[in-house]
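Reviewing the structure listed below.
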Amino acid sequence: MRPAGMRALALVGSGVVALSMIGATGVGASPGHGEGNGQDQAVAKHSAATTKQAQAEVRAYWTKERMNNAIPREMAKPDGKGKPGGSAGSAKAVQVPAQAELGKVFFTLGGSNYLCSGTATDSVNGDVVTTAGHCLNEGPGAYATNFAFVPAYDNGDRPYGTWVAESLYAPASWVNSGFNHDVGFAVMAEQGGQSLTDVTGDYPIGFNLGYGLSFDAFGYPAATPYDGQELWRCSGVAGQDTRGTTDHRLPCSMTGGSSGGGWITGGVLNSVNSFGYRGEKDVMYGPYFGDVEQQVYTTASTS
């Protein structure tokens with residue numbers, strides 16, 4: 001683990017709003033009640049591949065064939081609720097060059113192999129990857145196994161190798177109920193005595209930065225019309241969800257597979273691709289990074 005100072009940003013006094021449960025269901029998530037009780041403030045931790053042998057087995061597991069055959073986590077929902085899609089107007093994503101700080105996440109749940117997106121994040125230990133909560137825990141339900149992060153993935157190339165999670169962190173409210181706070185932090189095992197972000201670089205992370213921000217949202221969409229092989233970006237000014245969550249709302253045509261991809265504002269990571277409502281095309285929602293998210297991140301960062 002490298003010693004480093006956290007560059008997490010926070011603005012005091014701009015916390016999130018308490019919410020009541022709503023009926024809409026998101027991509028791998030059920031947007032619902034927000035902060036306001038002890039459970040929401042708790043951090044859930046799960047040990048993943050904790051030994052060098054186990055980590056080597058996970059790296060060996062993720063062959064090129066398995067990566068190519070992994071499906072977007074969103075596709076696990078048989079009813080298809082909340083899958084973002086379409087390709088209209090200013091919401092249209094553009095393909096961009098691969099970045100070392102951004103990559104694809106691969107994992108196994110219920111015997112099936114899935115993919116998401118993730119961001120190498122500045123942290124005390126230098127090993128944190130930020131993704132969506134539903135990419136590491138069913139919310140509620142089982143934790144992912146074989147969790148790996150491939151920085152700068154590009155058409156099967158792995159220029160920075162395959163990094164394996166040794167522990168997974170998420171808000172207890174997500175793990176126990178699957179309501180709101182759809183974010184997760186994976187702590188990756190070091191390789192060759194180096195931490196992940198010593199190799200890839202990282203994005204600082206911000207909390208309680210407010211709404212109405214301009215974002216660049218990144219991800220590896222894999223559902224039609226995309227193939228999951230390249231990095232894509234949506235850009236725009238985010239609004240706020242008016243249907244009951246505290247989430248940001250961003251016009252974006254990315255599809256399944258982009259979940260967990262980082263939303264960057266002013267060079268700072270401040271949300272991730274989370275879900276979309278049925279019947280609303282070309283719109284992505286991302287969790288507000290407030291006190292709950294900061295508590296989970298801080299615990300992961302200093303583990």
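What are the residues in the stretch 53-74 that are under 26 Å from Val296 (Cβ atoms), open to solvent by less than 20 Å² (accessible area, probe 1.4 Å) and modelled with pLDDT of 95 or more, if any?
Passing the criteria: Gln55, Val58, Trp62, Ala70.
Could you check the stretch 229-248 and list, in sequence order, the residues that are hydrophobic (A, V, I, L, M, F, W, C), open to solvent by 10 Å² or more (accessible area, probe 1.4 Å) and within 18 Å of the chain's Cα centre (by Cα)?
Trp232
Name the single residue that is modelled with the highest pLDDT among those in the stretch 75-97 being under 28 Å from Asn137 (Cβ atoms) and outside any loop (DSSP other than H, G, I, E, B).
Met75
Quick one: is Thr50 open to solvent by less than 30 Å² (accessible area, probe 1.4 Å), of a type in the set (Val, Ile, Thr) and modelled with pLDDT of 50 or more?
No; evaluated as a whole, the condition is false for this residue.
Just to check your reading of the model, which residue among Tyr226, Tyr277, Tyr297, Tyr203 is open to solvent by less than 10 Å² (accessible area, probe 1.4 Å), among the aromatic types (Phe, Trp, Tyr) and touching a Ser or Thr at 6+ places or on another chain (Cβ under 8 Å)?
Tyr297
Among strands (runs of 3 or more DSSP E) lying entirely in the stretch 229-297, which contain 1 or more residues that are in contact (Cβ under 8 Å) with a residue 60 or more places away in the chain, under 27 Å from Pro159 (Cα atoms) and charged (D, E, K, R)?
Qualifying strands (runs of 3 or more DSSP E): 231-237.
Can you tell me how many residues within the stretch 280-303 are within 17 Å of Ala172 (Cα to Cα) and charged (D, E, K, R)?
2
Please give the number of the condition Ala120 fails out of (1) in a strand (DSSP E or B); (2) on the phi > 0 side of the Ramachandran plot.
Every condition holds for Ala120 apart from (2).
From the list Val268, Val272, exactly one residue is of a type in the set (Val, Ile, Thr), at pLDDT 95 or above and within 19 Å of Phe106 (Cα to Cα). Which is it?
Every option except Val272 fails the conditions.
In the stretch 249-266, which residues are open to solvent by 10 Å² or more (accessible area, probe 1.4 Å) and in contact with a strand residue (DSSP E or B) (Cβ under 7 Å, 6 or more places away or on another chain)?
Arg249, Pro251, Ile264, Thr265
Here's a check for you: in the stretch 274-303, which residue that is acidic (Asp, Glu) and over 15 Å from Gln240 (Cβ atoms) is nearest to the chain's Cα centre (by Cα)?
Looking at residues that are acidic (Asp, Glu) and over 15 Å from Gln240 (Cβ atoms), I get Glu293.
Name the single residue that is farthest from the chain's Cα centre (by Cα) among those in the stretch 180-193 being open to solvent by 10 Å² or more (accessible area, probe 1.4 Å) and closer than 18 Å to Gly103 by Cα.
Gln191
For residues in the stretch 206-223 being hydroxyl-bearing (Ser, Thr, Tyr) and open to solvent by 10 Å² or more (accessible area, probe 1.4 Å), which is farthest from Tyr143 (Cα to Cα)?
My answer is Ser214.
The values are calculated or read from the model by the stated rules, or taken from the named source; none is laboratory data. These numbers were taken from a predicted model, which means no experiment stands behind them. Using ideal geometry, Cβ is built from the backbone for each residue, glycine included, and neighbour counts are taken over all protein chains shown. Heads up: the accessible areas ignore ligands, DNA and RNA and are worked out on the full protein's heavy atoms, side chains in. Shrake-Rupley method; radii C 1.70, N 1.55, O 1.52, S 1.80 Å.
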